[in-house]
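Below is one structure, written out as structure tokens; comments come after it.
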Amino acid sequence: MRRMLFRLLALLNKALLPKLWNKDLVRLNVAQKLIVAWRYYVTRNAL
């Protein structure tokens, strides 16, 4: 059940949140760092 929830969240992240993979992580502002951290957390739990 938990894995299904995180897979759904991963699909929503992919559709709604911006992709920041091609940017330098050091130069991101705080909001962008939070987005990266959230996407990582969801992806890690969806696997």
Filtering chymotrypsin sites (Phe, Trp or Tyr not before Pro) in the chain by DSSP loop and by at most 11 other Cβ atoms within 10 Å leaves W21
Checked against the positive end of the charge dipole of the chain (+1 on Cβ of Lys and Arg, -1 on Cβ of Asp and Glu, about the Cα centre), the farthest of I35, L5, A15 is L5
Taking Cα atoms only, helix 2-16 is inclined relative to the longest principal axis of the chain by an angle, in degrees rounded to 10, of 40 degrees
Quick calc, the chain, dipole around Cα centre from Cβ unit charges on Lys, Arg (+) and Asp, Glu (-), nearest 20 debye, gives 120 debye
The chain, Kirkwood Rh and Cα Rg, ratio Rg/Rh at 1.02
A chain fully extended from I35 to L5 at 0.36 nm per residue, minus the present Cα-Cα distance, gains in nm 9.0 nm
For the chain, longest principal axis from Cα atoms; helix 30-46 axis from its Cα atoms; angle between them, nearest 10 degrees, is 30 degrees
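Here, each number is a calculation from the coordinates, and none is a lab measurement. Bear in mind that the values here come from a model prediction, so they are computed numbers and not experimental data. Neighbour counts run over all protein chains shown; Cβ positions are idealised from the backbone, glycine included.
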